[in-house]
Each structure stands twice: as C-alpha cells, then as structure tokens.
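Asker: Quick one: this structure, given as structure tokens, is what I'll be asking you about.
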Amino acid sequence: MTFEQKKLVPERDENLKNGNFTVLNGEYTKNMNVYVVGEKHKESIDYIMMLLDRSTDNTLGYGIKMGSQKKFGVTFWDEEDIPEEYRA
C-alpha cells in the first residue's frame, strides 16, 4: 500500500461498508483481484470495460486506472489491501 493510499483508508472502508465497490477479477488484472472503490464504481466499471474491449492487450493498466480515477473519483486497491470481510 502506498503512502497516498494510506490516507484514503478511512474513505475506502466507508465505501466498502456501504457496498460501493466492484471487483475486477484476474482475467483483466494479471491474475489478481483489483477492487474499484467509490460511489461511482458501477459507472467506472462500464467505462473500464469499454476501454478494455478496445485495447489490444485487454489488461487493466496505469492509463485506464488514472483516467477512471479522474473521471469518476474512484480508487483502485489490490485484494491484499482490502479487509478480509470484503474480499471476493
């Protein structure tokens, strides 16, 4: 977990508690689950899936993450950074 992410943990936990997250499975994320967390997680996932469909490698990369964060105000978390009770 990065220093920047540590500052976002309280907000992340509140969103997890409220069900504001979607899990992208390893098919798109180099064999590990990635959590998209935030109020607009569903809109973000629709956007991400459209971008992945158009990409040549069909893998969630830095550019897609940064664009989604900026556009929808979501954060991305590796499964290891998510409390166990919310893991898929």
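The values are calculated or read from the model by the stated rules, or taken from the named source; none is laboratory data. Every value quoted in this text rests on a predicted model; they were computed, and no experiment measured them. All Cβ positions, even for glycine, are placed from backbone atoms using ideal geometry, and neighbour counts span all protein chains on display. SASA here: full protein model, heavy atoms, side chains in, ligands and nucleic acids out. Shrake-Rupley method; radii C 1.70, N 1.55, O 1.52, S 1.80 Å.
Asker: All but one of (1) open to solvent by 90 Å² or more (accessible area, probe 1.4 Å); (2) under 13 Å from the mean Cα position of the chain (by Cα); (3) not small (Gly, Ala, Ser) hold for PHE76; which doesn't?
Answerer: Here PHE76 clears every test but (1).
Asker: Right, next: Is it fair to say GLU4 is within 12 Å of THR75 (Cβ to Cβ), open to solvent by 60 Å² or more (accessible area, probe 1.4 Å) and either assigned to a helix (DSSP H, G or I) or touching a strand residue (DSSP E or B) at 6+ places or on another chain (Cβ under 7 Å) (or both)? It would help to see each step written out before you state the result.
Answerer: Values: within 12 Å of THR75 (Cβ to Cβ): yes; open to solvent by 60 Å² or more (accessible area, probe 1.4 Å): yes; either assigned to a helix (DSSP H, G or I) or touching a strand residue (DSSP E or B) at 6+ places or on another chain (Cβ under 7 Å) (or both): yes.
Yes: the conditions hold for GLU4.
Asker: Could you check how many residues of region 16-47 are part of a helix (DSSP H, G or I), open to solvent by 20 Å² or more (accessible area, probe 1.4 Å) and farther than 15 Å from ILE64 by Cβ?
Answerer: Within region 16-47, residues that are part of a helix (DSSP H, G or I), open to solvent by 20 Å² or more (accessible area, probe 1.4 Å) and farther than 15 Å from ILE64 by Cβ number 2.
Asker: Please go through (1) within 20 Å of TYR86 (Cα to Cα); (2) not in a loop (DSSP other than H, G, I, E, B) for GLN69 and return the number of the only condition it doesn't satisfy.
Answerer: Answer for GLN69: the failing condition is (1).
Asker: Report every pair of residues separated by at least 6 positions or lying on different chains whose Cβ atoms are under 7 Å apart, first residue within region 1-16 and in contact (Cβ under 8 Å) with a residue 24 or more places away in the chain and closer than 15 Å to ARG87 by Cα, second small (Gly, Ala, Ser) and surrounded by 10 or more Cβ atoms within 10 Å (Cβ to Cβ).
Answerer: ASN15/GLY38
Asker: Just need a number here: residues in region 48-66 that are exposed (fewer than 14 other Cβ atoms within 10 Å of the Cβ) and in a loop (DSSP other than H, G, I, E, B).
Answerer: 4
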